[in-house]
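Visitor: One structure coming up, written as structure tokens, with questions to follow.
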Amino acid sequence: MVEYEQNARQIIMTQEKERITDRIWRAYGILKNAYIISSNETIELLSQVRLGVDLGIIKDINRRQLNELFIFIQPAHLQKLEGKKLTAQQRDVKRAQIIRNKLGVV
């Protein structure tokens with residue numbers, strides 16, 4: 001299974017390198033700059049960034065940081081961090097703040 005995935009990534013990078021690279025950097029840019037972001041959008045974008053890290057396209061973040069973000073952005077975890085129940089809007093704002101802080105943007 002791992003070998004199949006590695007081969008698939010190589011084919012993608014050979015045939016679609018510019019398009020994939022663009023999608024990865026756009027995802028990274030949104031994560032680094034968003035002020036409000038939903039759980040679903042975050043998971044989608046983090047998955048793109050993880051692909052970029054795995055392919056060696058993004059070098060200033062590692063899988064450990066991404067794995068932590070996948071956990072920290074969950075609604076229940078955000079509320080636990082704040083110590084209170086948050087509205088969806090408050091969670092989306094807090095989520096974006098955590099992501100920016102984790103990616104080194106204040």
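The values are calculated or read from the model by the stated rules, or taken from the named source; none is laboratory data. Every value quoted in this text rests on a predicted model; they were computed, and no experiment measured them. Because the Cβ atoms are built from the backbone with ideal geometry, glycine has one as well, and the counts that use them run over all protein chains shown.
Visitor: Out of all the residues in segment 37-66, which are under 27 Å from GLN89 (Cα atoms), of a type outside the set (Val, Ile, Thr) and touching a Lys or Arg at 6+ places or on another chain (Cβ under 9 Å)?
Guide: SER38, SER39, LEU45, GLN48, ARG50, GLN65, LEU66
Visitor: Let me ask you something else. In the set GLU44, GLU82, which member is under 11 Å from the mean Cα position of the chain (by Cα) and among the acidic types (Asp, Glu)?
Guide: That would be GLU44, the only listed residue that is under 11 Å from the mean Cα position of the chain (by Cα) and among the acidic types (Asp, Glu).
Visitor: Take the conditions at pLDDT 90 or above, under 20 Å from VAL93 (Cα atoms), in contact with a Gly (Cβ under 8 Å, 6 or more places away or on another chain) and of a type outside the set (Lys, Arg) and apply them to ALA34. Does it pass?
Guide: When the stated conditions are applied, ALA34 does not pass them.
Visitor: Any chance you could count how many residues in segment 15-72 are within 21 Å of GLN97 (Cβ to Cβ), of a type in the set (Phe, Trp, Tyr) and surrounded by 13 or more Cβ atoms within 10 Å (Cβ to Cβ)?
Guide: 3
Visitor: Additional query: Taking the conditions exactly as written (out of contact with any Gly (no Cβ under 8 Å at 6 or more places or on another chain), of a type in the set (S, T, N, Q) and more than 23 Å from GLU18 (Cα to Cα)), does ASN101 satisfy them or not?
Guide: For ASN101, the condition - out of contact with any Gly (no Cβ under 8 Å at 6 or more places or on another chain), of a type in the set (S, T, N, Q) and more than 23 Å from GLU18 (Cα to Cα) - is met.
Visitor: Residues in segment 81-93: is at least one touching a Lys or Arg at 6+ places or on another chain (Cβ under 8 Å) and either of a type in the set (Lys, Arg) or part of a helix (DSSP H, G or I) (or both)?
Guide: Yes.
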